[in-house]
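Worksheet: the structure to be examined is printed underneath.
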Amino acid sequence: MLFSTPSATRFFKEAVREYLQVEPHQLSFNKGFLAGEALSDQERERIERTWGITARNFYGLADVAADIAAECGEAPGLHFCAQGVLVAEIIDPETQEVLALPLKEEVKRKWLGGNAKRILKLNKMEKRADLAWL
């Protein structure tokens, strides 16, 4: 199993080739958990091809919870996993109203467009987290 940031897989690939003198896929890893950076579709494909793994993204904060959000076997898309640890809310930027989850499709289209990335914004002072879109 490979645990890494997406960009570090490039360094590890070269280290495996140089020091072990094998290709990364020959190590027989079957899964990879990637965190610490955004994971694009192109990067995921490169990592899966190079390492011969199924790559999954996850998100956590060392001082809060290791697994705040993670992808399941269906990927892509993070599921909020920190129930009981954090409270996730989506705030309407115009009215400041807390919206019910899941978001209605018209809200997604209005605010998010087709290229939005889901992020989790943590406010430790208020002990809250906002699930948002970039």
- Note on the structure: Of the residues in the range 19-46 that are part of a helix (DSSP H, G or I) and within 19 Å of ALA69 (Cβ to Cβ), the one that is modelled with the lowest pLDDT is ASP41
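In this structure, does ARG56 turn out to be of a type in the set (Lys, Arg) and over 21 Å from PHE80 (Cβ atoms)?
Numbers: of a type in the set (Lys, Arg): yes; over 21 Å from PHE80 (Cβ atoms): no.
Judged against the criteria, ARG56 is not a match.
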- Query: With respect to the numbered conditions (1) among the polar types (S, T, N, Q); (2) without any contact (Cβ under 8 Å) to a residue 24 or more places away in the chain; (3) surrounded by 15 or more Cβ atoms within 10 Å (Cβ to Cβ), which one is the sole condition not fulfilled by GLN21?
  - Reply: (3)
- Failed condition for TYR59, given (1) buried (at least 17 other Cβ atoms within 10 Å of the Cβ); (2) not in a strand (DSSP E or B), with all others met? (2)
- Checking ILE53 against (1) modelled with pLDDT of 90 or more; (2) under 14 Å from the mean Cα position of the chain (by Cα), which single condition isn't satisfied? (2)
- Which of the residues spanning the range 62-94 are over 16 Å from the mean Cα position of the chain (by Cα), outside any strand (DSSP E or B) and buried (at least 16 other Cβ atoms within 10 Å of the Cβ)? LEU86
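The values are calculated or read from the model by the stated rules, or taken from the named source; none is laboratory data. Predicted model, so just to flag it, every value in this text is computed and none were measured. Virtual Cβ from ideal backbone geometry, glycine too; neighbours counted across all protein chains shown.
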